[in-house]
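The values are calculated or read from the model by the stated rules, or taken from the named source; none is laboratory data. Note that the structure is predicted; figures quoted are calculated from it, not measured. Positions of Cβ are generated from backbone atoms using ideal geometry, with glycine treated the same way; all protein chains shown enter the neighbour counts. With ligands, DNA and RNA removed, areas are computed over all heavy atoms of the protein, side chains included. Shrake-Rupley method; radii C 1.70, N 1.55, O 1.52, S 1.80 Å.
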Amino acid sequence: MAVTGARPVGTADEEGAALAVRQMFDSVAHRYDLLNHLLSANVDRLWWRRAARRFRAVLAQPEAAILDICCGTGDLTMALLKLRPEGARPVLAADFARGMLRLGARKFGEQAVRKGGGNARRLEAPYAVPIEADALHLPLHAESLDLIVTAFGFRNLANYEAGLREFHRTLKPGGQLGILEFSEPGGLLGKVYALYFRRVLPAIGRLICGKDGPYNYLPASVGDFPPPPEMLQLMRSSGFVECSWQPYTCGIAGLYTAVR
């Protein structure tokens with residue numbers, strides 16, 4: 001049966017899956033950045049920057065309406081902000097895991113007041129507004145966004161098709177979509193990476209964060225996620241055009257792009 005969305009162990013339906021994912025990420029929020037950078041040898045930073053540069057043209061438009069959904073602790077949001085002009089419309093940074101979003105908001109706040117002095121708040125520097133929201137039920141008007149991006153969060157949605165439909169609903173005609181997500185490379189590299197991803201990574205994650213579930217869930221969720229050809233077809237069937245996938249680092253990750 002085709003995978004329709006994330007299903008953590010012990011969950012039987014979409015509501016249970018969403019709750020489990022939210023609780024899981026809130027439980028590791030305090031160690032999330034450290035683990036990501038450590039386990040990826042900081043390559044994740046390069047992925048975020050590369051993904052942001054892909055949308056340089058729309059990011060350069062001061063009035064562009066931009067959403068980073070499933071923003072987590074905000075690393076992709078910060079990469080986006082570096083390409084926004086001064087005085088630009090704030091980026092919307094949304095996540096339904098409050099603990100993750102709270103940490104991300106601290107980064108956005110630093111960016112917002114970087115040019116301030118004393119008690120004055122100067123918001124000429126690009127900044128983001130944190131929003132606690134579910135990607136499947138965005139609190140946004142139809143056809144209101146110029147760009148939606150997400151990094152390593154789409155895979156955790158309880159229903160992939162519903163998520164794509166919601167992105168399609170909120171994007172303006174001609175609006176762009178970017179989904180940065182893990183994949184499984186093939187060949188010898190794939191075998192070596194699978195050993196690391198399924199054996200070594202969970203052990204390190206368990207050692208640092210003291211929890212077993214989250215870093216066992218990660219490789220399982222990547223293995224269950226639709227491979228690029230299936231994901232591209234799902235995007236097309238949701239109404240998107242110009243759908244493509246650009247592999248990063250030999251296919252360990254990749255950027256899906258499409259136009260509404």
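Accessible surface calculations at 1.4 Å, restricted to protein heavy atoms, place the stretch 60-103 at 35 Å² per residue. Along the chain, counting only GluC sites (Glu not before Pro) with a DSSP assignment other than H, G, I, E or B and at most 16 other Cβ atoms inside a 10 Å radius, the longest segment between sites is 144-260. From helices alone, the chain scores -13500 deg cm²/dmol at 222 nm; the rule is -39500 (n - 2.57) for each run of n ≥ 4 DSSP H residues, then divide by the residue total. Within the chain, the selection of entire DSSP H helices by a Cα span of 15 Å or greater along the long axis and an average Kyte-Doolittle value of at least -1.0 returns 14-39, 98-112, 213-224. Of all DSSP beta bridges located in the chain, what percent are antiparallel, nearest 5? Here the share of antiparallel DSSP bridges comes out near 45 percent.
In whole percent, and with a 1.4 Å probe on the protein chains, what portion of the accessible area of the chain is carbon and sulfur?
55 percent
As a ratio to 2.2 N^0.38 Å, the alpha-carbon radius of gyration computed for the stretch 152-252 takes the value 1.23. Ligands, DNA and RNA are left out, and with a 1.4 angstrom probe the accessible area of the stretch 8-48 is 55 Å² per residue. Rounded, prolate or oblate: which fits the stretch 40-98, taking a ≥ b ≥ c as square roots of the Cα gyration tensor eigenvalues, rounded meaning a/c under 1.5, else prolate when a/b beats b/c? Oblate, since a/c reaches 1.5 and b/c is not below a/b.
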